[in-house]
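Data block below; observations after.
The values are calculated or read from the model by the stated rules, or taken from the named source; none is laboratory data. These numbers come from a predicted model, not from an experiment. FYI the Cβ positions are ideal-geometry reconstructions off the backbone, even for glycines, and counts take in every protein chain you see.
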Amino acid sequence: MTSAAISGVVTIHLRFVLAVAVITATCIGQVATNPKIQPRATTGTRLVTLGTAGGPLPTQNRTQSSNLLTVNGTHYVIDAGDNVTRRIVQAGADFRQIGKIFITHCHSDHTMGLATLLVSEWEFQRQEPIDIYGPPGVEALVKGAIQA
């Protein structure tokens, strides 16, 4: 995978974006913590918490920080902790359709699954660019991931 496959890295303040997404999804009443319980949304807004464990240590029953925000059928990943690709699939979404990824900060528990997600999309022939947004340091993280 080359850096041309990633259309760009933009620095934005994502804590506000995440707060707005959570509030919006909560107001609509479609926040799901267990993706197997909730039906998949094709219209409207739905937020699935894919992973809620904080810190770098793996746990038996929780995965690291990641969220899947779906707005009118378009998927957005907010943070990409370990196991994010598997959890996207468990939530009933196609990981190859993830075109926008938001990283709130560069701690390993929010980024450890980013390389796996990018490589998986590339290996399964994703043709569209993937936009990754985040604070300073994310660009170097992405470049390192796609050079491996």
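One residue stands out among those in the range 17-61 that are at pLDDT below 85 and basic (Lys, Arg): the one that is surrounded by the fewest Cβ atoms within 10 Å (Cβ to Cβ), which is Lys36. Among the residues examined, Ile130 qualifies as over 10 Å from the mean Cα position of the chain (by Cα), within 17 Å of Thr74 (Cα to Cα) and touching a residue at least 12 places away in the same chain (Cβ under 8 Å).
Out of all the residues in the range 136-146, which are touching a residue at least 60 places away in the same chain (Cβ under 8 Å) and surrounded by fewer than 16 Cβ atoms within 10 Å (Cβ to Cβ)?
Pro136, Lys143
Is it true that Ser66 is more than 11 Å from the chain's Cα centre (by Cα) and surrounded by 13 or more Cβ atoms within 10 Å (Cβ to Cβ)? No, not satisfied.
Can you tell me which residues in the range 46-58 are more than 16 Å from His107 (Cβ to Cβ) and among the hydroxyl-bearing types (Ser, Thr, Tyr)? Walk me through it before giving the result.
Of all residues in the range 46-58, those more than 16 Å from His107 (Cβ to Cβ) come to 46-50.
Matches in the range 46-58: Thr49 only.
Total residues in the range 58-72 satisfying the condition of being under 17 Å from Asp131 (Cα atoms) and without any contact (Cβ under 8 Å) to a residue 40 or more places away in the chain: the figure is 3.
In this structure, Ile98 does satisfy being within 12 Å of the chain's Cα centre (by Cα) and either surrounded by fewer than 21 Cβ atoms within 10 Å (Cβ to Cβ) or closer than 18 Å to Tyr133 by Cα (or both).
Among the criteria (1) in contact with a Phe, Trp or Tyr (Cβ under 9 Å, 6 or more places away or on another chain); (2) outside any strand (DSSP E or B); (3) touching a residue at least 12 places away in the same chain (Cβ under 8 Å), the one Gly55 does not fulfil is (1).
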